Amino acid sequence: GDDIFVVIPNDLKLKFEKEIPIIVNNTYCMQNFQVSKNDNQFKASHHPFKLRFNGGTKVSDVNVHKIADPVTKFKPFTEIINGDFREDYLYDVIGMVDEYGYSQPNPGNRKVQINFTLRDLGNNLLHFTLWENYALKLFNVKNEANSGPIIVFMKYAKVKHAGKFPLTVSNTWSTTKLFINDEVPEIVEFKKSLAVAIENGTIDAFAETPSQMMSQSFGGSQFTPQQKFMHNAEVMPLRKIVQLPHEAKCVTIVNTIKVKSTKCGWYYLTCFQCPKQTFGEAPPYKCTDDHETET
């Protein structure tokens, strides 16, 4: 199941497309090629070396060896969230569309893009961005889908560390393969596991249709104040916020389920210099740190 990246120079492209066509899933014997370090900017294969064809490379179609079908090695969301990845490696990822963010469906001054979050079978969320033709494919599926989850499977996706924007997974310009609700084994298996997880209560059910999930306007290319606030914002439940290993500024949107009133009622007199309660029948009021407050 190991793989290695092969480069066919442009001047040899015609030879191996017409004279000796190399077809996907056929088995070949290859001789007389160069071996060099895998120094591609984005590495579809994680093998340390790559092969490069030259004018003396010979390829014969033997197609007799019993080589197993490639096994998709998904990169777990938890590893990506924990920073266990390399930006020059390309990974396979799969998940259910959880929510849409800022999107630009019309080509023009800005590139076509769609931002969204995917949820895996462990209820982990990751930010994703698709660009140009990849984004258009998701737009088409979203517009045609009436109900049910949208499953996105990306082969050879790139991951970028958090910086100006949060940690994000996106497509490359040509290497990435994108499957959305397609009848491929990976998506079929994910849907089966998803149904079991929802039934067992280990993952939240998809309660909204794609149109309801669209949280941002598809209008003009300018951000509204709400879009600026939510653009690429990381969404996490309270159970994860309380486990953050470092100080962070968070905005919470919650429902009040019960008010626990105290003997002070709905308000109390507070110190002018600190947030502690003040005491006294008349000014100057004093807190437990002996700060005096006149009003």
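The values are calculated or read from the model by the stated rules, or taken from the named source; none is laboratory data. Here the structure is a predicted model, which is why all the values come from computation and not from measurement. A quick note on method: Cβ atoms are made from the backbone with ideal geometry, for glycine too, and the neighbour counts reach across all protein chains shown. Calculation scope for accessible area: heavy atoms of the full protein, side chains included, ligands and nucleic acids excluded. Shrake-Rupley method; radii C 1.70, N 1.55, O 1.52, S 1.80 Å.
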key: Residues satisfying the stated conditions in region 18-55, i.e. outside any loop (DSSP other than H, G, I, E, B), among the hydrophobic types (A, V, I, L, M, F, W, C) and free of Cβ contacts under 8 Å to residues at least 40 places away in the same chain   = 29, 30, 35
remark   = Condition set at pLDDT 90 or above and among the basic types (Lys, Arg), scope region 9-65, selection nearest to residue 160 (Cα to Cα): answer is 43
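Give the number of residues within region 264-287 that are open to solvent by less than 100 Å² (accessible area, probe 1.4 Å) and either part of a loop (DSSP other than H, G, I, E, B) or in contact with a strand residue (DSSP E or B) (Cβ under 7 Å, 6 or more places away or on another chain) (or both).
First, pick out the residues of region 264-287 that are open to solvent by less than 100 Å² (accessible area, probe 1.4 Å): 264-265, 269-271, 274, 276-278, 280, 282-287.
Right, trim to either part of a loop (DSSP other than H, G, I, E, B) or in contact with a strand residue (DSSP E or B) (Cβ under 7 Å, 6 or more places away or on another chain) (or both) and you get 264, 269-271, 274, 276-278, 280, 282-287.
Final tally of qualifying residues: 15.
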query = Is one or more of the residues making up region 197-208 surrounded by 14 or more Cβ atoms within 10 Å (Cβ to Cβ), out of contact with any helix residue (DSSP H, G or I) (no Cβ under 7 Å at 6 or more places or on another chain) and at pLDDT 80 or above?
reply = yes
ask   = Mind checking whether some residue in region 176-189 is modelled with pLDDT under 90 and surrounded by fewer than 17 Cβ atoms within 10 Å (Cβ to Cβ)?
value = no
message = I need the full set of residues from region 133-155 which are open to solvent by less than 50 Å² (accessible area, probe 1.4 Å) and farther than 19 Å from residue 188 by Cα, in order please.
response = 134, 135, 139
ask   = How many of the residues in region 101-121 are at pLDDT 90 or above and among the hydroxyl-bearing types (Ser, Thr, Tyr)?
value = 1
message = With the structure loaded, tell me whether residue 65 is assigned to a loop (DSSP other than H, G, I, E, B), in contact with a Ser or Thr (Cβ under 6 Å, 6 or more places away or on another chain), open to solvent by 30 Å² or more (accessible area, probe 1.4 Å) and not assigned by the TED database to the domain that holds residue 153 or whether it fails that test.
response = yes
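Quick test for you: out of 217, 221, pick the one residue that is touching a Lys or Arg at 6+ places or on another chain (Cβ under 8 Å), assigned to a loop (DSSP other than H, G, I, E, B) and at pLDDT below 75.
Working: 217 fails: touching a Lys or Arg at 6+ places or on another chain (Cβ under 8 Å).
One residue alone meets the criteria, 221.
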inquiry  = Need pairs with beta-carbon distance below 6 Å; first residue within 12 Å of residue 51 (Cβ to Cβ) and in contact (Cβ under 8 Å) with a residue 60 or more places away in the chain and within region 1-12, second not β-branched (Val, Ile, Thr) and not in a helix (DSSP H, G or I); sequence gap 6+ or separate chains.
reply    = 3/45
query = Only one of these conditions is not met by residue 164: (1) open to solvent by 10 Å² or more (accessible area, probe 1.4 Å); (2) in contact (Cβ under 8 Å) with a residue 12 or more places away in the chain. Which number is it?
reply = (2)
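Quick check on residue 71: is it in contact (Cβ under 8 Å) with a residue 40 or more places away in the chain, outside any strand (DSSP E or B) and aliphatic (A, V, I, L, M)? If you could, list the steps in order and put the result at the bottom.
Working: in contact (Cβ under 8 Å) with a residue 40 or more places away in the chain: yes; outside any strand (DSSP E or B): yes; aliphatic (A, V, I, L, M): yes.
The answer is yes for residue 71.
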query = Does at least one position in region 123-132 carry a residue that is among the β-branched types (Val, Ile, Thr), surrounded by 16 or more Cβ atoms within 10 Å (Cβ to Cβ) and touching an Asp or Glu at 6+ places or on another chain (Cβ under 7 Å)?
reply = no
